[in-house]
């Protein structure tokens, strides 16, 4: 069997993700124009869409929508963590928290920590993985966190089950 670290993440199956594994997923710079564009379309609150008016809010300036932050995180996960051959989606996100405002110019880094895995009893060709996702800014401060629940195909279905 090939060591798990020799298998590219996009090619991994359920069996290749192990509790305790930590994956540095990537980084992205938050762009001011994208913050405003996203917010105008999906979250048009003044502190997301109007740089001048945002100065007079609790945040003291423009901040990204939490949903924009989540979308940036998801892009990094899709490109660098989620298996392209085994992913069957995510039926749940638990404990979503926005700890700090994200501002234009911030550089966000994403880390995925596999908490646990278990093979499905009802569908033995797949398994469930719970992963803590942490999004930190350029100062290493936690900006967002969540627990992702993913369904992954198994490389080898369990034997002896019908």
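Checking each residue in the stretch 55-78 for being within 12 Å of residue 143 (Cα to Cα) and out of contact with any helix residue (DSSP H, G or I) (no Cβ under 8 Å at 6 or more places or on another chain) picks out 66, 69, 70, 73. Residues of the stretch 29-41 that are surrounded by 15 or more Cβ atoms within 10 Å (Cβ to Cβ) and over 14 Å from residue 108 (Cα atoms): 34, 36, 38, 39. Just one residue in the set 90, 71 is surrounded by fewer than 20 Cβ atoms within 10 Å (Cβ to Cβ), within 12 Å of the chain's Cα centre (by Cα), in a loop (DSSP other than H, G, I, E, B) and touching a residue at least 12 places away in the same chain (Cβ under 8 Å); that residue is 90. So which residues in the stretch 42-68 are buried (at least 17 other Cβ atoms within 10 Å of the Cβ), out of contact with any strand residue (DSSP E or B) (no Cβ under 9 Å at 6 or more places or on another chain) and in a helix (DSSP H, G or I), if there are any at all? Result: 47, 48, 49, 54, 68. Residue-level analysis places residue 144 among those that are within 14 Å of the chain's Cα centre (by Cα), surrounded by 15 or more Cβ atoms within 10 Å (Cβ to Cβ), more than 18 Å from residue 21 (Cβ to Cβ) and in contact (Cβ under 8 Å) with a residue 40 or more places away in the chain. Could you list all residues from the stretch 116-137 that are exposed (fewer than 14 other Cβ atoms within 10 Å of the Cβ) and either part of a strand (DSSP E or B) or in contact (Cβ under 8 Å) with a residue 12 or more places away in the chain (or both)? Of everything in the stretch 116-137, those that are exposed (fewer than 14 other Cβ atoms within 10 Å of the Cβ) and either part of a strand (DSSP E or B) or in contact (Cβ under 8 Å) with a residue 12 or more places away in the chain (or both) turn out to be 116, 118. Considering 110, 82, 102, the condition of being closer than 30 Å to residue 51 by Cα and either at pLDDT below 95 or part of a loop (DSSP other than H, G, I, E, B) (or both) is satisfied by 102 alone.
Taken over the stretch 1-37, the criterion of being closer than 24 Å to residue 139 by Cα and part of a helix (DSSP H, G or I) is satisfied by 32, 33, 34, 35, 36. Could you please find all residues in the stretch 46-68 being under 17 Å from residue 100 (Cα atoms) and without any contact (Cβ under 8 Å) to a residue 24 or more places away in the chain? Matches in the stretch 46-68: 47, 48, 54, 55, 57, 58, 60.
The values are calculated or read from the model by the stated rules, or taken from the named source; none is laboratory data. Predicted model, so just to flag it, every value in this text is computed and none were measured. Reconstructed Cβ throughout: ideal geometry from the backbone, glycine too, with neighbour counts over all protein chains shown.
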